[in-house]
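Reading through the structure tokens given below for one structure.
The values are calculated or read from the model by the stated rules, or taken from the named source; none is laboratory data. Quantities reported herein were computed from a predicted structural model and do not represent experimental measurements. Glycine gets a Cβ as well: all are built from the backbone with ideal geometry, and neighbour counts include every protein chain shown.
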Amino acid sequence: MPTSGTTTTTKTFDATAKEQQLRDESEQWDTSTPEDALADDIPLIDLNEYFSSGSEDALDKIAQQLRVACEETGFFSITGHHIATQDLEDTFSQIRQFHAMPVETKNQILMDRPDWPVGGMGYLPLKNRKLPARQTGNVNEAFIVKCDDQLGMDDNQWPDTNVLPEFRQQVELYAHKMEQLGKRMLPIYARALGMPVDFFNEAFVDPLFRLRMTHYPPVEENADNAFGIAPHVDTSFFTILAQDQPGLTVFSERRKVWVKAPVVQDSFIVNTGELLKQWTNDRFLSTRHFANNNTGNQSRYSIPFFFNANPHYVMSCIASCCDDNNPPKYPPISYAQSQGVVQGE
């Protein structure tokens with residue numbers, strides 16, 4: 001198997017123990033007093049100059065901003081990403097139409113149903129206790145698509161084209177654009193870590209990704225246990241999130257308070273997941289967060305894209321993130337070996 005980095009370790013990884021650790025930690029977090037975000041709580045990074053010119057100067061500039069964001073906050077917003085507003089609006093439109101269908105229709109493509117050969121794809125119903133797993137149900141419903149080196153779009157479950165004739169085409173288009181955006185960002189991450197710009201290329205030849213199209217129905221104000229998505233950290237390399245309205249709340253590592261993430265027009269929110277955190281020897285933060293529903297009578301929709309390396313690519317500690325005084329904290333591991341951990345918002 002391919003590996004990155006040269007340092008070896010005899011540690012082992014217990015996926016079940018890791019999942020339980022994350023779950024236990026999340027249940028201790030006090031989320032009762034979130035604040036409005038300050039200007040620098042979630043940095044804003046404009047990718048346009050680098051994406052348009054590809055120049056070394058633009059790459060250096062943007063990599064420095066990304067490095068600071070990943071080391072100090074774990075979350076940032078991106079503009080200048082070259083994803084057309086119309087593509088995003090068309091995708092949200094299709095998702096709203098999907099979730100407006102009767103539950104009985106959506107249940108025909110239920111996730112993890114016994115007669116479908118692949119798990120983790122399809123319709124995840126309201127009050128589910130998965131992604132992330134919690135004792136109380138998450139107040140959302142979602143449609144999930146996943147692909148990797150073995151699974152393509154044809155392996156996923158899809159609604160009847162007689163009911164939603166444009167749904168699959170639009171979702172596939174959006175997923176492809178998100179995959180390309182993720183790959184275009186990899187040189188920025190490599191430069192931010194002081195590595196060659198093509199450092200991540202081999203790992204992402206056949207990336208694993210999940211596209212989650214989530215509906216948060218409105219809830220009563222101050223409803224008990226009414227998290228849209230319970231507090232958690234993502235397990236991805238990174239996550240690219242589109243949301244049509246506010247609802248995401250992030251823990252500020254700088255200020256040690258929970259902050260309500262604003263929605264910046266024509267932007268995505270990006271955050272580090274556990275695998276990138278481990279790959280960088282905890283240099284990049286995997287930040288806790290949760291999502292709430294709107295109150296009143298208006299639904300909220302979000303589209304997180306969870307981006308990962310090829311599921312069998314073994315990630316050893318990046319050379320710039322460890323030395324004799326800071327040895328690797330984690331064993332070499334692939335995403336497939338970490339499948340005891342799941343992803344949320």
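Before moving on, here are some points about what is shown:
- Arg191 part of a helix (DSSP H, G or I), touching a residue at least 40 places away in the same chain (Cβ under 8 Å) and more than 19 Å from the chain's Cα centre (by Cα): yes
- Members of region 289-306 found to be of a type outside the set (Ser, Thr, Tyr) and surrounded by 21 or more Cβ atoms within 10 Å (Cβ to Cβ), listed by number: His289, Phe290, Ala291, Asn292, Asn293, Arg300, Ile303, Pro304, Phe305, Phe306
- Within region 82-108, residues that are at pLDDT 95 or above reach partners that are surrounded by 19 or more Cβ atoms within 10 Å (Cβ to Cβ) and of a type in the set (S, T, N, Q) with beta carbons closer than 9 Å, at six or more positions or on different chains, in the pairs Ile95/Thr214; His99/Thr214.
- Unique match (being of a type in the set (Val, Ile, Thr), in contact with an Asp or Glu (Cβ under 8 Å, 6 or more places away or on another chain) and surrounded by fewer than 20 Cβ atoms within 10 Å (Cβ to Cβ)) among Val314, Val257, Val264: Val257
- Residue in region 268-288 that is modelled with the highest pLDDT, counting only those that are within 15 Å of the chain's Cα centre (by Cα) and surrounded by fewer than 22 Cβ atoms within 10 Å (Cβ to Cβ): Leu285
- Residue match in region 295-306 (condition: under 21 Å from the mean Cα position of the chain (by Cα), of a type in the set (Gly, Ala, Ser), at pLDDT 95 or above and not in a loop (DSSP other than H, G, I, E, B)): yes
- Residue among Asp266, Asp234, Asp206 that alone is in contact with a helix residue (DSSP H, G or I) (Cβ under 9 Å, 6 or more places away or on another chain), acidic (Asp, Glu), under 30 Å from Asp149 (Cα atoms) and part of a loop (DSSP other than H, G, I, E, B): Asp234
- Positions within region 47-82 being part of a loop (DSSP other than H, G, I, E, B) and buried (at least 19 other Cβ atoms within 10 Å of the Cβ), in sequence order: Leu47, Thr73, Gly74, His81
- Residue in region 97-113 that is closer than 21 Å to Asp266 by Cα and either of a type in the set (D, E, K, R) or in contact with a Ser or Thr (Cβ under 6 Å, 6 or more places away or on another chain) (or both) present: no
- Residue list for region 114-153, filter: modelled with pLDDT under 95 and basic (Lys, Arg): Lys127, Arg129, Lys130, Arg134
- Subset of region 209-267 [over 21 Å from Glu71 (Cβ atoms), under 16 Å from the mean Cα position of the chain (by Cα) and among the aliphatic types (A, V, I, L, M)]: Leu211, Met213, Ile229, Ala230, Ala242
- Selected residue (criterion: farthest from His82 (Cα to Cα)) from residues of region 141-188 that are among the small types (Gly, Ala, Ser) and part of a helix (DSSP H, G or I): Ala175
- Region 172-209 - residue that is touching a strand residue (DSSP E or B) at 6+ places or on another chain (Cβ under 6 Å) and among the aliphatic types (A, V, I, L, M) and, of those, surrounded by the fewest Cβ atoms within 10 Å (Cβ to Cβ): Ala175
- Of the criteria (1) part of a helix (DSSP H, G or I); (2) of a type outside the set (A, V, I, L, M); (3) out of contact with any Pro (no Cβ under 9 Å at 6 or more places or on another chain), which one His215 fails: (1)
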